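In what follows, a structure is listed as structure tokens, so that the remarks can point back to it.
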Amino acid sequence: MRKVPVKLRGSDYTIFVEPGLISKVGAELRRLSDSKRVAIVTDSHVAPLHLAALEKSLNDADFQTVSATIPAGEQHKTLPMLMPVFDQFLSAKIERSTPILAFGGGVIGDMTGFLAATILRGVPFVQVPTTLLAMVDASIGGKTGVDHSLGKNLIGAFHQPIAVFSDPELLHTLPPRQFQDGLAECIKHALIRDAEGFARFDRQLEGILRREVKTLSEVIAHSAAIKAGVVQKDPFEKGDRAHLNFGHTFGHAIETVSHYSYSHGQAVALGMAAAAYTSAKLEMIDEKSRERILSTIQKAGLPVSGLSLDTDLVMQAMQHDKKVLAGRIRLILLKDIGRAVMRDDVPAALIRDAVESLR
Ligand SMILES: NC(=O)c1ccc[n+]([C@@H]2O[C@H](COP(=O)([O-])OP(=O)(O)OC[C@H]3O[C@@H](n4cnc5c(N)ncnc54)[C@H](O)[C@@H]3O)[C@@H](O)[C@H]2O)c1
Ligand SMILES: [Zn+2]
């Protein structure tokens, strides 16, 4: 079993990664909780595929379970969709000590974390992520919340889990596009912090794409450790945590202007290509490094070109990004593979060129 420690003042926890871990979640959670019961929140895609296995594991460790299922999809990541779950768990008389488990992708993780942060003023929260993106990104860092009609994640709280249990075997049922979304974040993590990890990821890509659980375990543990390391140093996003936005300033603009016809991972892949272009033009990385970056992104099945959006609209959307300070677009760039820097002095003309380079 791979164990990644996360050290956050007052709330340390471990990310566990192992093929088949789902059958051991009950026993592992028993070490952390003497509660009679646990509550599970999952979604309508994950429930029929994997919920029985999780419940069995918990029952075997003498936990009674109460489960709530939310319709799958980002469009349901709202407060109204959470209200029936509050009703159900409060009617079931869950207690302050009852752990609540998020069993799904990032949508379920964010929603359940918010539920766990607020129900009875806060109960223990456990992440059992079922998408690659949730395993390497969304389940780590304690950001929880729901969307509002005025924007994504506008209602939320910081609430750290007491443990994260990632079982790469669950990824065998994940649709290809969602799997690729997770790969984009793995590439991002390596590019901002881990040159050796980037080279290894590239070498392992065939096995990763075949979803070999041993290789995936290694990739998930390394990628999760990078995110945990960044978050540990900057839990409330005052400084270096912004490096996690690598590829995302361009990416969010592409998602918005394309009306989400690109998935998040595809948009971030294009965004990373644009950021690599910008970094190369500023002579922070050489052309060879840029080519390596594009090649790995493409091998992972993600796009680096083919964008047919209006460049002006993309520029406008970037200006509206919440990361813009006093009209300057703030970009995360690379000064080397594995080393990110924040820059807010990139000329608008160069940013335009970077968007154009994605055609
Ligand atoms: N809290 C954070 O720090 C953080 C970071 C990144 C992203 N997020 C959030 O995460 C969300 C995106 O997460 P996501 O990409 O996991 O999306 P998701 O939760 O919508 O999952 C993607 C799809 O895969 C399905 N699914 C999940 N696991 C499956 C499995 N094992 N087999 C088959 N299907 C499965 C889901 O039902 C859904 O249809 C966004 O809402 C985003 O805001 C949060
Ligand atoms: Zn992302």
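Annotations
- Whenever a residue of region 39-53 is within 20 Å of residue 88 (Cα to Cα) and among the charged types (D, E, K, R), its partners that are within 11 Å of ligand 1 (Cβ to nearest atom) and at pLDDT 95 or above, lying with C-beta atoms within less than 6 angstrom and at least six residues away or across chains, give the pairs 43/70; 43/72; 43/104; 43/108.
- Filter result for residue 127 (under 24 Å from residue 233 (Cα atoms) and assigned to a strand (DSSP E or B)): yes
Residues are listed down the side, and each one gets a yes or a no for (1) more than 19 Å from residue 162 (Cα to Cα); (2) of a type in the set (A, V, I, L, M):
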position: 34; (1), (2): no, no
position: 44; (1), (2): yes, no
position: 55; (1), (2): no, no
position: 65; (1), (2): no, no
position: 77; (1), (2): yes, no
position: 81; (1), (2): yes, yes
position: 87; (1), (2): yes, no
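- Which numbered condition residue 301 misses (of (1) touching a helix residue (DSSP H, G or I) at 6+ places or on another chain (Cβ under 7 Å); (2) in a helix (DSSP H, G or I); (3) within 16 Å of ligand 1 (Cβ to nearest atom); (4) over 15 Å from residue 346 (Cβ atoms)): (2)
- Matching option when the condition is in contact with a strand residue (DSSP E or B) (Cβ under 7 Å, 6 or more places away or on another chain) and closer than 30 Å to residue 30 by Cβ, among 134, 117: 117
Here is a yes/no grid of residues against (1) within 14 Å of ligand 1 (Cβ to nearest atom); (2) more than 17 Å from residue 332 (Cα to Cα); (3) at pLDDT below 95; (4) in contact with a Gly (Cβ under 6 Å, 6 or more places away or on another chain):
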site: 230; (1), (2), (3), (4): yes, no, no, no
site: 238; (1), (2), (3), (4): no, no, yes, no
site: 247; (1), (2), (3), (4): yes, no, no, yes
site: 250; (1), (2), (3), (4): no, no, no, yes
site: 268; (1), (2), (3), (4): yes, no, no, yes
site: 277; (1), (2), (3), (4): no, no, no, no
site: 288; (1), (2), (3), (4): no, yes, no, no
site: 296; (1), (2), (3), (4): no, yes, no, no
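- Under the condition of being away from ligand 1 (no atom under 15 Å from the Cβ) and hydroxyl-bearing (Ser, Thr, Tyr), the residues counted in region 24-66 number 4.
- Top-ranked residue in region 210-236 [being among the aliphatic types (A, V, I, L, M) and in contact with a helix residue (DSSP H, G or I) (Cβ under 8 Å, 6 or more places away or on another chain); ranked as nearest to residue 142 (Cα to Cα)]: 231
- Extreme residue, surrounded by the fewest Cβ atoms within 10 Å (Cβ to Cβ), among residues of region 163-215 that are in contact (Cβ under 8 Å) with a residue 12 or more places away in the chain, acidic (Asp, Glu) and out of contact with any strand residue (DSSP E or B) (no Cβ under 9 Å at 6 or more places or on another chain): 196
- Filter pass, residue 344 being surrounded by fewer than 22 Cβ atoms within 10 Å (Cβ to Cβ) and without any contact (Cβ under 8 Å) to a residue 24 or more places away in the chain: yes
- When residue 265 is tested against the conditions (1) surrounded by fewer than 20 Cβ atoms within 10 Å (Cβ to Cβ); (2) in a helix (DSSP H, G or I), the lone failure is (1).
- Residue under evaluation residue 160, criteria (1) at positive phi; (2) within 16 Å of ligand 1 (Cβ to nearest atom), criterion not met: (1)
The values are calculated or read from the model by the stated rules, or taken from the named source; none is laboratory data. Just so you know, these numbers come straight off a predicted model, no measurement behind them. Cβ atoms come from the backbone with ideal geometry, glycine included; neighbour counts cover every protein chain shown.
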